[in-house]
Amino acid sequence: MVARVGSIKQASERLHVTQPTLTTAIKKLEAEIGVPLLIRRSKGVELTDYGKLFLAYVEEQQDKHLDILHRLQDMQQREMGKLKLGVGEAWWELFVKEAIHDFNHQYPKSSLYIEFGNNLSLMQHLIQGDIDLFIGHEVIGLQERFPVTFKPLFQDIEAYYVRADHPLVKTKSKHFEWDEESCSFPVLEVTPTHSRYTSLLNDALSSFDGNQGHLHGNNKRGNGMTYEVDSLLASIDMLKMSDAIMPYTGKVAGWLESFGLVALHPKENKVGNVGVYHKRTLAEEKALQLVQSIESFNF
């Protein structure tokens, strides 16, 4: 606090202790570690180089303390039945929120943690134990050493979305043939995969589209101009204010129409499996019940 406000007097007021008490505590600390931490000035105090180093250490310890308190609280909540779920925004709108509604009726006192993200980020959190399961596309090329299980739910066909008055819509073409080399429109990628997650894939794979689960041989897309947006709703706004094209699941075509978007179906459809990922040993009753509830939907 002294370092933050630059004054022992102001720090003592913030800490609700007397100034002599705080001064004595600082002198005792300096004596214990054997170096001066503060330089007394007429207008306040400054940190010595020793003080700056010690302050960085103290802040690091405080962060660790808060982190362990959070993890202990989270562990306690999980022992009491807290369920952690990962999901893509499209699947939330289509069926997951209804499954959660049914789950809450069955377990009205159960705590829930819901995380939104793309496939590889959610996979990373599943492997680390930060979530219990997630719903998304099957990850093609996932390293076999990871102890996860995939339960397919349905097949998904990728579509391309544009605003209603987009030039491609005006041509009245029923299909849109995707050509990464020659397409003249910007490409909008929803929740794109960060490069730090590609270590989850086999080394032979060059790149990964975390939204749809499709592999691409190169990163050149459209006219070289891309929008990377970490939110589906913000992506919708971006489409409406630009000529961008958004590759996304065809399952939400009806829902996106309500926002004024049009789905262009490609001539060569890209098909992928959507399902539930979880650890190979999923023994938690509530997690099993949620998986069964999701599997019961008519996709």
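Among the strands (runs of 3 or more DSSP E) confined wholly to the stretch 63-165, which include 3 or more residues that are out of contact with any helix residue (DSSP H, G or I) (no Cβ under 9 Å at 6 or more places or on another chain)?
The qualifying strands (runs of 3 or more DSSP E) are 148-163.
For the stretch 225-249, give me each residue that is part of a helix (DSSP H, G or I), closer than 17 Å to residue 164 by Cβ and in contact (Cβ under 8 Å) with a residue 24 or more places away in the chain.
235, 236, 238, 239, 240
Between a first residue in the stretch 68-89 that is more than 14 Å from residue 131 (Cβ to Cβ) and modelled with pLDDT of 75 or more and a second residue that is part of a strand (DSSP E or B) and of a type outside the set (Phe, Trp, Tyr), which pairs have beta carbons less than 9 Å apart while being 6 or more apart in sequence or on different chains?
Within 9 Å, the pairs are 89/190.
Given (1) out of contact with any Lys or Arg (no Cβ under 9 Å at 6 or more places or on another chain); (2) modelled with pLDDT of 75 or more; (3) open to solvent by less than 70 Å² (accessible area, probe 1.4 Å); (4) not hydroxyl-bearing (Ser, Thr, Tyr), where does residue 132 come up short, assuming only one miss?
(1)
Which of the numbered conditions does residue 39 fail, given that it passes all the others? Conditions: (1) assigned to a helix (DSSP H, G or I); (2) exposed (fewer than 15 other Cβ atoms within 10 Å of the Cβ).
Every listed condition holds for residue 39 apart from (1).
If the Cβ limit is 9 Å and pairs must be 6+ apart or interchain, which residue in the stretch 3-21 that is closer than 18 Å to residue 46 by Cβ pairs with which residue that is of a type in the set (D, E, K, R) and in a loop (DSSP other than H, G, I, E, B)?
6/43; 7/43
Might you check whether a residue that is modelled with pLDDT of 90 or more, over 30 Å from residue 257 (Cα atoms), open to solvent by 40 Å² or more (accessible area, probe 1.4 Å) and of a type outside the set (Lys, Arg) occurs anywhere in the stretch 103-121?
Checking the stretch 103-121: not a single residue is modelled with pLDDT of 90 or more, over 30 Å from residue 257 (Cα atoms), open to solvent by 40 Å² or more (accessible area, probe 1.4 Å) and of a type outside the set (Lys, Arg).
The values are calculated or read from the model by the stated rules, or taken from the named source; none is laboratory data. These figures come from a predicted structure and were not determined experimentally. Positions of Cβ are generated from backbone atoms using ideal geometry, with glycine treated the same way; all protein chains shown enter the neighbour counts. Surface areas here come from the heavy atoms of the whole protein model, side chains and all, with no ligands, DNA or RNA. Shrake-Rupley method; radii C 1.70, N 1.55, O 1.52, S 1.80 Å.
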